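S.K.: One structure coming up, written as structure tokens, with questions to follow.
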Amino acid sequence: MNDILKIENLSKEYKDFKLDNVNISVEAGTVHGLIGQNGAGKTTIIRLIMNMVKKDGGKITVCGLDNIDDEISVKNKIGYVADESYFFYNSKIKSISGICAAAYDNWDKEKFSGFLKMWEIDENKKVAALSKGMQTKLMVAAALSHAPELLILDEPTAGLDPVARIEILDILREFVSDGKRAVLFSTHITGDLDKIADAITLIINGSIRESMSVDEIEDKYAVISGANSVLNAKNEPLTIGLRKHESGFDAMIKRADLDKFEGVSVKNPNAENLLTYSIWQNGKEN
Amino acid sequence: MTSEERKRAFAVEKYAAGVGIKLKNAVITALIFDIIFIAVMFVVSFISGENSYTAEIFSPMFIMFVNFLIYGITSASTIKAINKNSNLETSYHIRSAYPNCSADINDFLSVLPLKKKDVCNYNAICFEFISAVNAFSWILIRIAVIIADNMGANIFFNLIGLYGFISMIFWTIEYFCFVFKTRNSPWGAVIGGFSMVIFMSVSFGLTDSSGTIEKISEFNDRLHIFGVFSGISGIIIEIIFLAFIIFICEMRFKNKNSISWN
């Protein structure tokens, strides 16, 4: 399939954090979830894609264009929603359309106004007067109003009420429905990804732990729970993020190892399982 | 700069001016202040007569002090805004190209598909604007000096002449500091401030000691040797001088446009 976003061997080092050899491919027509703990490197990856921070190594291409050599074209193809409003708080909402119209090749003023009307955002208000949820909606409106091919969202649903979250998820689903565009969606709220994600990348401490489609995750892993007596010296090391409690245990395992755990209940892993069990496993290894 | 580039730069400017440090307002305030005090000095010098103490009160130092205050506050707010988010590496280059904008604006601008040229052009427009205002201010001063001179108001002539000289040096330093030095540091403001203090001290020395007016007069006489501060030719020379500064700075912007962001 056609890759809208391709990240190869990306690296970035800070004093106390290192993003190491990151490889991610986001295919057209998909919603790609980026999950990880706080400080795992999700936002850094996104800011590197946006060329808002300088990379140390690697290559990022959007629709086949290098994000630095062809920065202007790339930014025209990206709709970006940050975890916090990047608009200046004291600016009026209507002034945003003016600067966007000058900057973007395909700025659609009518579309932007349509979003504002739909979400009942008064364009004469200042950004500061909006709630966090409304500010996120404003960013989504701006991101969708210049015909982007890749939508990058960094924790977009964190400050939204349930209704608004569903509305945003519907928009994302519709955005990729033509099969030509894609979404990269970083979030803590893994339940959102379970609803719409086609692929998931798990990042732990700056390294990619998994990057695959949801189907592949289900094919590769299983979440099991059962009595503690099921565990023995041979099969316990095969568990990922084992959690023991008085009534039994639960863990994620590779589906290929399933025959080594008899009498356990099995379910398909979701994004939250992948994230939590991997983090627990990582904690044990460290 | 093509019309399309200018349009984009103005769009940036329009957004930035609405949320930034109100550069235009600061310059306009300073200009209005200049005009008011030139008028006051003009009137006072005639009412009080030559060698009056009243005229000295309205010395150019006061004007310079207020100008310095206006631009000092302006510079300080810029530096404060930049430092506010200095822990972020966000859009380092855009920030460095935006001495007059807050970091919050830079975050938004770094998301937009703006060329660095657009950002630099915005700066160029800002500086053109400052230069135009300064030039206009100088021309007003020069005209006032010529009129006062013809009417025999020597005190006014001398004080305003000195003010013109000092402010011209100050503006030149300030201008160069803005363009070449202050892009990502407060050094321009510091240098500008120091130069202001030095020139104010000189001014104090000349105006506050005994034989004040004679000293100022001698000083101005020496300046006249260069022909910079006398008559219409002075105005023309100053405009040429300004045009030269702008030309150099525009060249500087053009060179900067060719430098990679990374």
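S.K.: In the stretch A:64-81, which residue that is part of a loop (DSSP other than H, G, I, E, B) and farther than 19 Å from A:THR201 by Cβ is nearest to the other protein chains (Cβ to nearest Cβ)?
M.R.: If we take residues in the stretch A:64-81 being part of a loop (DSSP other than H, G, I, E, B) and farther than 19 Å from A:THR201 by Cβ, then A:ILE68 is nearest to the other protein chains (Cβ to nearest Cβ).
S.K.: Considering each of A:THR43, A:THR61 in turn, give the residue that is in contact (Cβ under 8 Å) with a residue 40 or more places away in the chain, crowded, with 16+ Cβ neighbours inside 10 Å, more than 10 Å from chain B (Cβ to nearest Cβ) and in contact with an Asp or Glu (Cβ under 6 Å, 6 or more places away or on another chain).
M.R.: Going through A:THR43, A:THR61 in turn, the sole match is A:THR43.
S.K.: Here is a follow-up. For the stretch A:256-273, which residues satisfy the criterion of being buried (at least 16 other Cβ atoms within 10 Å of the Cβ) and either touching a strand residue (DSSP E or B) at 6+ places or on another chain (Cβ under 6 Å) or at positive phi (or both)?
M.R.: Within the stretch A:256-273, A:PHE261, A:VAL264, A:PRO269, A:ALA271, A:ASN273 qualify.
S.K.: Sticking with this one: Among the numbered criteria (1) within 19 Å of A:ILE46 (Cα to Cα); (2) within 13 Å of chain B (Cβ to nearest Cβ); (3) assigned to a helix (DSSP H, G or I), which single criterion is violated by A:CYS100?
M.R.: Failing condition for A:CYS100: (1).
S.K.: Also, quick follow-up: Out of everything in the stretch A:46-58 that is more than 8 Å from chain B (Cβ to nearest Cβ) and in a helix (DSSP H, G or I), what residue ends up being surrounded by the fewest Cβ atoms within 10 Å (Cβ to Cβ)?
M.R.: If we take residues in the stretch A:46-58 being more than 8 Å from chain B (Cβ to nearest Cβ) and in a helix (DSSP H, G or I), then A:ILE46 is surrounded by the fewest Cβ atoms within 10 Å (Cβ to Cβ).
S.K.: Of the numbered conditions (1) under 23 Å from A:ARG47 (Cβ atoms); (2) more than 10 Å from chain B (Cβ to nearest Cβ); (3) assigned to a loop (DSSP other than H, G, I, E, B), A:LEU138 fails exactly one; give the number of that condition.
M.R.: (3)
S.K.: In the stretch A:83-94, which residues are crowded, with 20+ Cβ neighbours inside 10 Å and in a helix (DSSP H, G or I)?
M.R.: Once the filter is applied, which keeps residues that are crowded, with 20+ Cβ neighbours inside 10 Å and in a helix (DSSP H, G or I), the stretch A:83-94 yields only A:ILE93.
S.K.: Hey, could you check the stretch A:84-141 for residues that are touching an Asp or Glu at 6+ places or on another chain (Cβ under 7 Å) and modelled with pLDDT of 85 or more and say which is nearest to A:LEU169 (Cα to Cα)?
M.R.: A:GLY133
S.K.: Going by the conditions given, is A:LYS111 touching a residue at least 12 places away in the same chain (Cβ under 8 Å) and either in contact with a strand residue (DSSP E or B) (Cβ under 8 Å, 6 or more places away or on another chain) or facing another protein chain (nearest Cβ under 8 Å) (or both)?
M.R.: Here the answer is no, as A:LYS111 does not meet what is asked.
S.K.: Would you confirm, using the coordinates I've provided, whether A:ALA147 is under 23 Å from A:LYS75 (Cα atoms) and either more than 14 Å from every other protein chain (Cβ to nearest Cβ) or surrounded by 17 or more Cβ atoms within 10 Å (Cβ to Cβ) (or both)?
M.R.: Against the criterion (under 23 Å from A:LYS75 (Cα atoms) and either more than 14 Å from every other protein chain (Cβ to nearest Cβ) or surrounded by 17 or more Cβ atoms within 10 Å (Cβ to Cβ) (or both)), A:ALA147 does not qualify.
S.K.: Among the strands (runs of 3 or more DSSP E) contained in the stretch A:141-225, which hold 1 or more residues that are of a type in the set (Phe, Trp, Tyr)?
M.R.: The strands (runs of 3 or more DSSP E) meeting that bar are A:182-186.
S.K.: Among the residues that make up the stretch A:69-79, is at least one of them buried (at least 17 other Cβ atoms within 10 Å of the Cβ), under 15 Å from the mean Cα position of the chain (by Cα) and under 28 Å from A:ILE217 (Cβ atoms)?
M.R.: yes
S.K.: Here's another thing I want to ask about it. What is the one condition in (1) assigned by TED's automatic domain parsing to the domain that holds A:THR136; (2) over 30 Å from A:ASP83 (Cα atoms) that A:LEU242 does not satisfy?
M.R.: The number of the failed condition is (1).
S.K.: Related question: Limited to the stretch A:260-276, what total is found for residues that are farther than 22 Å from A:PRO237 by Cβ and assigned to a helix (DSSP H, G or I)?
M.R.: The total comes to 2.
The values are calculated or read from the model by the stated rules, or taken from the named source; none is laboratory data. Since the model is a prediction, treat every value here as computed from it, not as a measurement. Every residue, glycine among them, receives a Cβ derived from its backbone with ideal geometry; neighbour counts consider all protein chains shown.
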